[in-house]
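Have a look at the structure below before the remarks.
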Amino acid sequence: MYKGRVQTHPNGSLSISNLRLQDSGYYTITVTEMSGNSKDMGLVLSVTEVLHEDIQFLVVFVIVLATLAAILMLCMWLLNKLYRFIKAWIQRRCLPEHTETELQPL
């Protein structure tokens, strides 16, 4: 059942690759030293599957965020245009239409 998926490492750890839902459960690991002493340890392995609904939710969430960001950028651009227009309009209102320059003798 685990053939080709279980690896032991030089530091004593054990790894199972390509986990399946059927791999979930309680495992007991027994370590035996050269002297014959052994030690047992239990662990619970829980394998969950990534559901397609989760991926679809993530894609929809990213699309909604991107759309919201685009709308906010458009609003900022429009507000910037409005600010510049109002600023130019105020400056035009404050300037006299005809400016006459009078030359002063030196």
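The values are calculated or read from the model by the stated rules, or taken from the named source; none is laboratory data. The structure displayed is predicted, hence computed values, not measured ones. With ideal geometry, Cβ positions are generated from the backbone for all residues, glycine too; neighbour counts draw on all protein chains shown. For the accessible areas, the whole protein counts, side chains as well, though only heavy atoms, and no ligand, DNA or RNA atoms are used. Shrake-Rupley method; radii C 1.70, N 1.55, O 1.52, S 1.80 Å.
Points to keep in mind about this one:
- Among the trypsin sites (Lys or Arg not before Pro) within the chain, those in coil by DSSP and having at most 16 neighbouring Cβ atoms inside 10 Å are Lys3, Arg5, Arg20.
- For the range 16-106, taking Cα atoms only, Rg and Dmax work out to 36.6, 115 Å respectively.
- Take Asp40: with every protein chain present and a 1.4 Å probe, its accessible area is about 100 Å².
- Here the sum of -39500 (n - 2.57) over DSSP H runs of 4 or more residues, divided by the residues of the chain, equals -15000 deg cm²/dmol at 222 nm, to the nearest 500.
- Accessible-area composition of the chain, carbon plus sulfur, in percent [1.4 Å probe]: 64
- Against the chain, whose longest principal axis comes from its Cα atoms, helix 52-94 is set at around 20 degrees.
- Candidates per GluC sites (Glu not before Pro) in the range 5-106, loop by DSSP, up to 12 other Cβ within 10 Å: Glu33, Glu49, Glu97, Glu100, Glu102
- Exposure rank, largest accessible area first [Cys94, Cys75; 1.4 Å]: Cys94, Cys75
- Sequence of Met41, Met34 from largest to smallest accessible area, 1.4 Å probe: Met34, Met41
- Dipole of the chain computed with +1 at Lys/Arg Cβ and -1 at Asp/Glu Cβ about the Cα centre; of Gly42, Cys75, Gln104, farthest Cα towards the positive end is Gln104.
- Relative contact order of the chain, defined on C-alpha pairs under 8 angstrom at six or more residues apart (%): 14
- Solvent-accessible heavy-atom area per residue, rounded to whole Å², over the chain at 1.4 Å: 99
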